[in-house]
1. For Glu171, are the conditions met, namely being modelled with pLDDT of 95 or more, surrounded by 15 or more Cβ atoms within 10 Å (Cβ to Cβ), of a type in the set (Asp, Glu) and within 24 Å of Asp57 (Cβ to Cβ)?
2. State all residues of the stretch 104-128 that are among the acidic types (Asp, Glu) and over 22 Å from the mean Cα position of the chain (by Cα); if no residue qualifies, say none.
3. Any residue in the stretch 226-241 that is assigned to a strand (DSSP E or B) and more than 24 Å from Leu75 (Cβ to Cβ)?
4. Would you point out which residue out of Leu272, Leu308, Leu350, Leu346 is under 16 Å from Arg375 (Cα atoms), of a type outside the set (Lys, Arg) and without any contact (Cβ under 8 Å) to a residue 24 or more places away in the chain?
5. Is it true that some residue in the stretch 185-203 is in contact with a helix residue (DSSP H, G or I) (Cβ under 7 Å, 6 or more places away or on another chain), at pLDDT 95 or above, surrounded by fewer than 21 Cβ atoms within 10 Å (Cβ to Cβ) and outside any strand (DSSP E or B)?
6. Name, by its number, the condition in (1) in contact with a strand residue (DSSP E or B) (Cβ under 8 Å, 6 or more places away or on another chain); (2) within 24 Å of Thr244 (Cα to Cα) that does not hold for Gly216.
7. Being assigned to a strand (DSSP E or B) and surrounded by 22 or more Cβ atoms within 10 Å (Cβ to Cβ): is that true of Val166 here?
8. Going by the structure shown, is Arg321 outside the structural domain of Ala109 (by TED's automatic domain parsing), of a type in the set (Lys, Arg) and over 19 Å from Leu271 (Cα atoms)?
Amino acid sequence: MLRTLSSLARLVTLVLIAHVPGALAQGTPPPVSISFDFRNGSLGWEAGFADYPPATDKNDLFGLRAEIRGLPPELGVSGTGFYIQGINRSDDLFMFMKRRLTSSDGIVAGQTYQVNFTLVFASDAQSGCVGVGGPPDVGLKAGATPAEPIALLDNSPLFAWLRMNVGKGGEGYGDLAASTTGSTANGIPCGSQPIKYVSIQRNHQHTSFVNANSRGELWLLVGTDSAYEGKTGLYYQRIDVTLTPVSPPPAPVLLTDQKTGRAVAVDSVSLLKEPFFVKSEQNFFSLDQRTRLTLFGYNLELKNGEDLSAITVQAEDSQHRIYSLPVEAAVEIPQFNWIRQVTIKLPDELQGLGDVSVKIALRGVTSNAAVISIR
């Protein structure tokens, strides 16, 4: 079923932070290594398509295919691969595969992982060719995310487009959930031979660390981002993945407004943006009528047995005085559950302070600072 893309995606810009792995702490779980050989079927992998307006897909205009299919004979091997195909009529087609990993695979809730891939696939895109919109050898990506990657309808005028609910970047660049690992070029110089499929191996380390969610889940994400306005058809033959626990975990990230750089924050009752008042007559749900604010952040996954006390929020005024802001809730955003909305209560001491800087911390590890206005 098609679902409407949350307006939250238009309010925030993700602050990407580079993290350097440290030494493993005692008691850190072992690495998780899994091999998926598509000669044995789909093995729990699912396919999807994004970055196109589905209402225009009339009479098989986009030629979308995703199935287990016999490998092309020119590969010289028998068996099947996971075949995925699309014609890039939108000049922006993203063809992806996803696979959930759980505690039964060895994933630990709240644990941070470095993710490494070996991708074996067959491509008929020759190297160095020129095509309409871009070369036929399109960009290849791989990564992981604590949220299920889903293509959701946005609110584009005329025709709604399917957009991903996780950060996968665009043509030639990656994001939190998927990073680039070269292209699908098969190594045959353009025009030197007839078009044929060639088996290729790509080794890739995802550039972002990934936290398992509080249910002990991670989603693997592999796909192609295309500017080439023609048909792309790939046979994924094997995907190997190793998830290595790392310590310390990456710091939480407080989401900020793309235009202003200030914190993405709303009154939790009225849903209005800043400025905020310490006391609000619109807060009908609380006897103290104190304003509750909702902040948004990621890298806030809880471990098994942890409760709300693991998350703290502080504010700092222009005189560098620090105020603790009681945390009353921290819940995942539906369909964007790699983001948590953290609800805090404004204390009397903030009355009339104007701009204050706020930070979120998980287990004492502190986020970036962002500004909100208190009157």
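The values are calculated or read from the model by the stated rules, or taken from the named source; none is laboratory data. The shown structure was predicted, so the numbers you read here are calculated from the model rather than taken from an experiment. A quick note on method: Cβ atoms are made from the backbone with ideal geometry, for glycine too, and the neighbour counts reach across all protein chains shown.
1. no
2. Once the filter is applied, which keeps residues that are among the acidic types (Asp, Glu) and over 22 Å from the mean Cα position of the chain (by Cα), the stretch 104-128 yields only Asp124.
3. no
4. It is Leu272.
5. yes
6. (1)
7. no
8. The answer is yes for Arg321.
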